[in-house]
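Visitor: Shown below is the structure under consideration.
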Amino acid sequence: MDPLMIGSLGIAALVFLIFTGMPIGAALFTAGAGGLALLFGFEKASIILFGMPFEIGSSYSLVVVPMFILMGLVASSAGLMRDMFDAAHKWLAGLRGSLLISTVASSAGFAAVSGSTIVNAAVFTRIAYPEMTRLGYDRGLAGGVIAASGTLAAFIPPSITFVLYALLTQQSVGKLLLAGVIPGLITAAAYIVGILVIVRIKPEWAPRHSERFSWSEKFSSLKTVWAVMLLSFIIIAGIYSGTVPPSAAGSVGAIGAIVIVLFMRRLDLSGVWQAVRETVKISAVLAVIVLGGLTFSRFLVFSGFVREAINAIAEMGLSDNLFLLAMVVLFLILGMFLDALAILVMAASILFPVASKMGFDPIWFAVIVVKLMEVGVITPPVGINLFTVVSASDGDLKLTTLYKGITPLFLIEMAVLFVLIQFPILSTWLPSAMF
C-alpha cells in the first residue's frame with residue numbers, strides 16, 4: 001500500500017479514537033502500535049514497543065517536566081496567584097478595564113512559575129472572575145481575557161509545552177524555553193493594548209469603579225510578589241547565564257518554591273506532600289502522552305509517510321509563505337476539534353521534518369507551532385481553555401457568552417502570530433545570545 005495512504009489511515013484512526021472519548025495518550029499509543037503491528041507483524045512491533053518506555057524513562061531532559069509541575073502546584077496552593085492579582089489590581093485601580101489588565105499582568109507573572117495554561121485559566125477564573133462580575137464587567141469579555149491570558153504559560157518559562165516539543169523533536173530544551181520569553185511578553189502587551197482599545201469602544205463592558213488604594217496599600221501589596229519574581233529570575237537568568245542547566249532548572253525552581261512558601265508560612269509539609277502527590281498523577285498522564293506520541297511518530301516514520309509527505313510537498317513547489325498559510329489554516333481547523341497535545345504530536349511528527357527540509361529555523365518554527373496550539377485552546381467550539389473557564393465559573397458563565405468575549409482576543413492572537421512569522425528574530429535572538 002502507498003505510504004501516504006498508510007499514514008493517512010493511521011491519522012484517521014487516531015482522530016476517530018479521540019472522538020470516541022479515548023484519552024489522548026491511549027489513542028496515540030493504540031493507533032501507533034496498531035500501525036506498527038500491521039507493518040512488521042506483532043513480534044517485531046513488540047520489540048520496538050518494549051524498548052520505548054526505557055528510552056523515555058532514561059531521558060534526562062524529561063525530569064524537568066514533573067519538577068516544573070511541582071513548582072507550579074506549590075506556588076498555586078500557597079496563594080501566590082492571588083497575591084499577583086491583588087497587587088496588580090491595587091496599582092491599576094482607577095483605570096478603565098483595570099481588572100482585565102490586572103488579569104493579564106498577573107497571569108504573565110504567574111506563568112513564570114506555572115507552565116500550565118489550564119491551571120492558570122482555572123485559578124484566575126476563581127480569583128478574578130467573581131470580582132469582575134461584581135463590578136459589572138461584561139461576563140464574556142471577562143472570561144475571554146482569563147482564557148486567553150492562560151495561554152501565556154505556554155511561552156514564558158517554565159513551559160511544559162516547549163519541553164514536550166523538544167523531547168518529541170530532539171531539540172534543545174534550553175533554547176526552546178528561552179525562545180518563548182519575548183513572544184510571551186509581546187502577547188501579554190498586545191492583550192493589554194487590545195483591552196484598552198476594546199473598553200474605549202465598548203465602555204459599558206468595563207465600567208469605571210470607585211475603588212482607590214493609598215500608596216501605602218499599593219507598596220504593601222508588593223510584599224509577597226517578590227516570591228514569584230525571585231523564582232522566575234532563578235529559572236530564566238539561570239538558564240540564560242548557563243549556571244543552571246535547562247534539565248536542572250525545574251529541580252532548582254521546585255526546591256526554591258518549597259523553601260519560599262515554607263519560609264512565608266503559606267504552606268505546611270502536608271500541603272507540600274499533597275502537591276507532590278498531584279504532581280505524580282499529572283506527570284504519569286504526560287508520560288503516557290509522550291510514550292503514545294513517540295509510538296505514533298515511529299509508525300509514521302517507519303511507514304514511509306513522513307518521507308513521502310516531504311517529497312510530495314517539495315514537488316508542489318509551495319513557497320515558504322504558502323506553506324505557513326496552509327499550516328495556519330490546518331491548525332485553526334484542528335484546534336476546533338482536537339486536543340492541543342494531539343496537535344503537538346502530529347506537528348512534531350509530520351510538519352517538523354517538512355519544515356526542516358524547507359530550511360526553516362527549528363527554534364522559530366517551534367514558537368510558531370506553540371503559538372498556533374495556544375490559539376487552538378481558545379478557538380470555539382472545543383478550545384480546552386474555554387471549557388476550563390466555564391467549568392471553574394460554576395455555571396455562572398455560559399459557553400455561548402464566552403464565544404462572544406473570546407473573539408477580540410482571538411483576533412489579537414492572530415495579529416501577534418503574523419508579527420512572529422514576519423520577524424523570526426523575536427523568537428531566535430534570546431536563544432542565540434545564550435548559546
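The values are calculated or read from the model by the stated rules, or taken from the named source; none is laboratory data. In this text, all values refer to a predicted model and were calculated from it rather than measured experimentally. Methodologically, a virtual Cβ is constructed for each residue, glycine included, from the backbone with ideal geometry; neighbour enumeration extends over all protein chains shown.
Visitor: Any residue that is within 22 Å of L318 (Cβ to Cβ) and either touching a His at 6+ places or on another chain (Cβ under 6 Å) or surrounded by 23 or more Cβ atoms within 10 Å (Cβ to Cβ) (or both) - is there at least one of those in region 335-345? Break it down into steps so the answer makes sense when it comes.
Guide: Filtering region 335-345 for residues within 22 Å of L318 (Cβ to Cβ) gives 335, 343.
Add one more test, that the residue is either touching a His at 6+ places or on another chain (Cβ under 6 Å) or surrounded by 23 or more Cβ atoms within 10 Å (Cβ to Cβ) (or both), and what stays is 335.
Among the residues of region 335-345, at least one is within 22 Å of L318 (Cβ to Cβ) and either touching a His at 6+ places or on another chain (Cβ under 6 Å) or surrounded by 23 or more Cβ atoms within 10 Å (Cβ to Cβ) (or both), which makes the answer yes.
Visitor: While we're here: F365 passes all but one of (1) crowded, with 16+ Cβ neighbours inside 10 Å; (2) touching a residue at least 40 places away in the same chain (Cβ under 8 Å); (3) under 20 Å from the mean Cα position of the chain (by Cα); (4) farther than 23 Å from V199 by Cβ; which number fails?
Guide: (2)
Visitor: If you don't mind, another one. Considering only residues of region 100-127 that are β-branched (V, I, T) and farther than 13 Å from Y191 by Cβ, which is farthest from the chain's Cα centre (by Cα)?
Guide: At the first step, the residues of region 100-127 found to be β-branched (V, I, T) are 101, 103-104, 113, 117-119, 123, 125, 127.
Those still in the list that are farther than 13 Å from Y191 by Cβ too: 113, 117-119, 123, 125, 127.
On the way: V113: 13, T117: 5, I118: 8, V119: 10, V123: 15, T125: 17, I127: 20 Å.
By that ranking, first place goes to I127.
Visitor: Of S356, S349, S391, which residue is in a helix (DSSP H, G or I), polar (S, T, N, Q), more than 23 Å from I195 (Cα to Cα) and modelled with pLDDT of 85 or more? Break it down stepwise before answering.
Guide: Working: S349 fails: modelled with pLDDT of 85 or more; S391 fails: modelled with pLDDT of 85 or more.
Every option except S356 fails the conditions.
Visitor: Can you tell me which residue in region 75-131 is surrounded by the fewest Cβ atoms within 10 Å (Cβ to Cβ), limited to those that are within 17 Å of L231 (Cα to Cα) and free of Cβ contacts under 8 Å to residues at least 40 places away in the same chain?
Guide: Residue satisfying both the conditions and the ranking: S106.
Visitor: What pairs come out if I take residues in region 1-24 that are closer than 14 Å to L39 by Cβ and touching a residue at least 40 places away in the same chain (Cβ under 8 Å) and pair them with residues that are in a helix (DSSP H, G or I) and of a type in the set (D, E) whose C-beta lies under 7 Å away, six or more apart or interchain?
Guide: Note: pairs meeting the criteria are P3/E308.
Visitor: Just to be sure, is W205 loosely packed, with under 13 Cβ neighbours inside 10 Å and on the phi < 0 side of the Ramachandran plot? Can you show your working first?
Guide: Details: loosely packed, with under 13 Cβ neighbours inside 10 Å: no; on the phi < 0 side of the Ramachandran plot: yes.
When the stated conditions are applied, W205 does not pass them.
Each row is one residue, and each column tells you yes or no for (1) among the aliphatic types (A, V, I, L, M); (2) surrounded by 19 or more Cβ atoms within 10 Å (Cβ to Cβ); (3) at pLDDT 80 or above; (4) in contact with a strand residue (DSSP E or B) (Cβ under 6 Å, 6 or more places away or on another chain).
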| position | (1), (2), (3), (4) |
| --- | --- |
| K281 | no, no, yes, no |
| A284 | yes, no, yes, no |
| F296 | no, yes, yes, no |
| G304 | no, no, yes, no |
| A309 | yes, yes, no, no |
| A312 | yes, no, no, no |
| G317 | no, no, no, no |
| N321 | no, no, yes, no |
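Visitor: Take the conditions on the phi > 0 side of the Ramachandran plot and not small (G, A, S) and apply them to R298. Does it pass? Full working, then the answer.
Guide: Values: on the phi > 0 side of the Ramachandran plot: no; not small (G, A, S): yes.
Here the answer is no, as R298 does not meet what is asked.
Visitor: Which count do you get for residues in region 1-54 that are over 17 Å from V345 (Cα atoms) and of a type in the set (S, T, N, Q)?
Guide: Selection size over region 1-54: 2.
Visitor: Considering region 133-149 alone, what residues qualify as being in contact with a Leu (Cβ under 6 Å, 6 or more places away or on another chain) and buried (at least 24 other Cβ atoms within 10 Å of the Cβ)? First the steps, then the outcome.
Guide: So the first thing to find is which residues in region 133-149 are in contact with a Leu (Cβ under 6 Å, 6 or more places away or on another chain), and the list is 139-140, 143-145, 147-148.
Once the filter is applied, which keeps residues that are in contact with a Leu (Cβ under 6 Å, 6 or more places away or on another chain) and buried (at least 24 other Cβ atoms within 10 Å of the Cβ), region 133-149 yields G143, G144, V145, A147, A148.
Visitor: Scan region 382-396 and report the pairs whose first residue is among the small types (G, A, S) and whose second residue is surrounded by 14 or more Cβ atoms within 10 Å (Cβ to Cβ) and assigned to a loop (DSSP other than H, G, I, E, B), with Cβ atoms within less than 8 Å and a gap of 6+ or a chain change.
Guide: Sorted first by the residue in region 382-396, then by its partner, the pairs are G383/V377.
Visitor: When you look at T103, is it closer than 29 Å to L196 by Cβ and not small (G, A, S), yes or no? Before you say what the answer is, go through the steps one by one.
Guide: Working: closer than 29 Å to L196 by Cβ: yes; not small (G, A, S): yes.
Answer is yes for this residue.
Visitor: Tell me yes or no: at least one residue of region 138-159 is of a type in the set (D, E, K, R) and either in contact with a helix residue (DSSP H, G or I) (Cβ under 6 Å, 6 or more places away or on another chain) or farther than 27 Å from G25 by Cα (or both).
Guide: So far as region 138-159 goes, yes, one or more of its residues are of a type in the set (D, E, K, R) and either in contact with a helix residue (DSSP H, G or I) (Cβ under 6 Å, 6 or more places away or on another chain) or farther than 27 Å from G25 by Cα (or both).
Visitor: F54: part of a helix (DSSP H, G or I), hydrophobic (A, V, I, L, M, F, W, C) and buried (at least 21 other Cβ atoms within 10 Å of the Cβ), yes or no?
Guide: So F54 does not fit the description; no.
Visitor: What pairs can you find where one residue is in region 193-213 and among the basic types (K, R), the other is outside any helix (DSSP H, G or I), and their Cβ atoms are less than 9 Å apart, with a gap of 6+ or different chains?
Guide: Within 9 Å, the pairs are R200/R96; R200/G97; K202/D138; R208/G94; R208/L95; R208/R96; R212/A93; R212/G94.
Visitor: Still on this model: Would you check which residues across region 197-239 are among the aromatic types (F, W, Y), more than 26 Å from G143 (Cα to Cα) and within 32 Å of the chain's Cα centre (by Cα) and list them? It would help to see each step written out before you state the result.
Guide: Let us first name the residues in region 197-239 that are among the aromatic types (F, W, Y), namely 205, 213, 215, 219, 226, 233.
Then drop every residue that is not more than 26 Å from G143 (Cα to Cα), which leaves 215, 219, 226, 233.
Of everything in region 197-239, those that are among the aromatic types (F, W, Y), more than 26 Å from G143 (Cα to Cα) and within 32 Å of the chain's Cα centre (by Cα) turn out to be F219, W226, F233.
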